[in-house]
Amino acid sequence: MSNELEANSGAEEEPLIDLTSDLYMMGQAMRQAQSAYLAEEVPIGCVIVHEGRIIARSHNQVETLSDATAHAEMLALTQAQAAMEDWRLTECDLYVTKEPCPMCAGAIVHCRIRRVIFGCGDDRGGACGGFINLVQQPTLNHHSEVTPGVLGEESKLLIQTFFAEAREKKKGKKARDVDSPYLN
């Protein structure tokens, strides 16, 4: 037993949590998605990282701001540009819980984000390889590296739960309307 302790005492211990890992940073984006969920927004969250430090964080605020462009990525890009005092974010990585849409992917290219890491893909509207791939379009002046699927199942489950609850709410409202038209 003492030999085991002696053998392990010289070994360098790994940190319990790697605060710069993709998993950790996506966890931070998931926290933003949970904030969106609680605000009854589509639960998508985003963080932007520069040199291992989060410089921007946001979640969808389309309904809150009555602004169709208030996606998590768009809001976070604006914050990151302010933090960096530059619109060029060439040394920054963007973590988002769902594959960016074409609008967000276009902004990502224009801001020159180095790397896009996303949770769940979007085969119908994703623009980082799902439906199309704007961030690696050969004719554009910038290309981002893409890492899909980080906390993908967790991201997908949160979005599915949100929309299932929204459908139930809508169904309940319709049922009330039919059952008691005089309550409106």
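The values are calculated or read from the model by the stated rules, or taken from the named source; none is laboratory data. Predicted model, so just to flag it, every value in this text is computed and none were measured. Ideal geometry is used to build each Cβ from the backbone, glycine not excepted, and the neighbour counts take in all protein chains shown. Quick note on the areas: whole protein, heavy atoms, side chains included, nothing else; ligands and nucleic acids left out. Shrake-Rupley method; radii C 1.70, N 1.55, O 1.52, S 1.80 Å.
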Is it the case, given these coordinates, that VAL150 is among the aliphatic types (A, V, I, L, M) and either open to solvent by 70 Å² or more (accessible area, probe 1.4 Å) or outside any loop (DSSP other than H, G, I, E, B) (or both)?
no
Need pairs with beta-carbon distance below 6 Å; first residue in a helix (DSSP H, G or I) and within region 58-86, second of a type in the set (S, T, N, Q); sequence gap 6+ or separate chains.
ALA72/SER58; ALA72/ASN60; LEU75/SER58; ALA76/SER58
Tell me which residues, restricted to region 32-57, are farther than 19 Å from ARG88 by Cα, open to solvent by less than 70 Å² (accessible area, probe 1.4 Å) and not acidic (Asp, Glu).
GLN32, ALA33, SER35, ALA36, TYR37, ALA39, VAL42, PRO43, ILE44, GLY45
Suppose the filter is assigned to a helix (DSSP H, G or I) and closer than 27 Å to ALA82 by Cα; does ILE108 pass it?
yes
Scanning for something among the acidic types (Asp, Glu), modelled with pLDDT of 95 or more and under 21 Å from TYR24 (Cβ atoms), does region 119-140 turn up at least one residue?
no
Criterion (touching a Lys or Arg at 6+ places or on another chain (Cβ under 7 Å) and open to solvent by 40 Å² or more (accessible area, probe 1.4 Å)) met by exactly one of THR64, THR90:
THR90
